[in-house]
1. Go through (1) modelled with pLDDT of 80 or more; (2) more than 17 Å from Asp120 (Cβ to Cβ) one by one and return the number of the condition Gly3 breaks.
2. Give the number of residues within region 91-105 that are in a loop (DSSP other than H, G, I, E, B) and either basic (Lys, Arg) or under 16 Å from Pro67 (Cβ atoms) (or both).
3. I need every pair where a residue in region 22-40 that is at pLDDT below 90 and of a type in the set (S, T, N, Q) has its Cβ under 8 Å from the Cβ of a residue that is loosely packed, with under 13 Cβ neighbours inside 10 Å and not in a loop (DSSP other than H, G, I, E, B), sequence separation at least 6 or different chains.
4. Hey, can you tell me all the residues within region 35-84 that are exposed (fewer than 14 other Cβ atoms within 10 Å of the Cβ), assigned to a strand (DSSP E or B) and of a type in the set (Ser, Thr, Tyr)?
5. Could you list, in sequence order, all residues of region 78-127 that are under 18 Å from Val31 (Cβ atoms), among the hydroxyl-bearing types (Ser, Thr, Tyr) and modelled with pLDDT under 90?
6. Any idea which residue in region 93-127 is surrounded by the fewest Cβ atoms within 10 Å (Cβ to Cβ), counting only those that are over 30 Å from Ala47 (Cβ atoms) and touching a residue at least 12 places away in the same chain (Cβ under 8 Å)?
7. Name the residue that is nearest to Pro39 (Cα to Cα), counting only residues in region 106-127 that are touching a Phe, Trp or Tyr at 6+ places or on another chain (Cβ under 6 Å) and assigned to a strand (DSSP E or B).
8. Just one of (1) more than 30 Å from Arg124 (Cα to Cα); (2) without any contact (Cβ under 8 Å) to a residue 24 or more places away in the chain; (3) aliphatic (A, V, I, L, M) trips up Leu50, so point out which.
Amino acid sequence: MPGVLDFDQPPGTTDWEPGKAPGIYRGDTWVHPLSFVDPEGDPFPIAGTLTAQLRSSDLSGPDAEEPLADVSVTVDGAQVVPTLPSEVTVGLPDRWVWDLQQVADGVTTTLLRGKGRTFDDVTRPNQ
């Protein structure tokens, strides 16, 4: 089953470290397709409802903060596509935590979780 995936490498990175994936550029639309496979490498279909959030910390209970963002998640068989619009990524802090949860047949499972990083853009239109 899936494990931890950290979004703390710069977007466009081609040499991914194990367990790490590209971060988010501030102000860019973020789309990050994830393909799930079984131990034999065959597609592993994802069922149920998936939700994802970004928060500044993983505290729970009365100390929990409001989410920084609710991530749009679409599912097509074994491919899961989390997406954030540019209007959301522009306001993200430099560092955050996130998870992707599945609810299927009344069972809640955290499929992925980790730390994330927002990188500043260099190009600024109209400046």
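1. (1) is the only condition that Gly3 fails.
2. Keep residues of region 91-105 that are in a loop (DSSP other than H, G, I, E, B), which gives 91-94, 105.
Now drop any that are not either basic (Lys, Arg) or under 16 Å from Pro67 (Cβ atoms) (or both), which leaves 91-93.
So the answer is 3.
3. Close Cβ pairs (under 8 Å, with a partner that is loosely packed, with under 13 Cβ neighbours inside 10 Å and not in a loop (DSSP other than H, G, I, E, B)) amount to Ser35/Pro43.
4. Those that are exposed (fewer than 14 other Cβ atoms within 10 Å of the Cβ), assigned to a strand (DSSP E or B) and of a type in the set (Ser, Thr, Tyr): Ser35, Thr49, Thr74.
5. Within region 78-127, no residue meets the criteria.
6. Ranking the candidates gives Asp120 first.
7. First, the residues of region 106-127 that are touching a Phe, Trp or Tyr at 6+ places or on another chain (Cβ under 6 Å): 116, 119, 121.
With the extra rule that they be assigned to a strand (DSSP E or B), the set shrinks to 116, 119.
Values: Gly116: 26, Phe119: 33 Å.
Of everything passing the filter in region 106-127, Gly116 is nearest to Pro39 (Cα to Cα).
8. All conditions pass for Leu50, except number (2).
The values are calculated or read from the model by the stated rules, or taken from the named source; none is laboratory data. Because the structure is predicted, anything quoted here is derived from the model rather than measured. Here the Cβ is made from the backbone with ideal geometry for all residues, glycine too, and neighbour counts use every protein chain on show.
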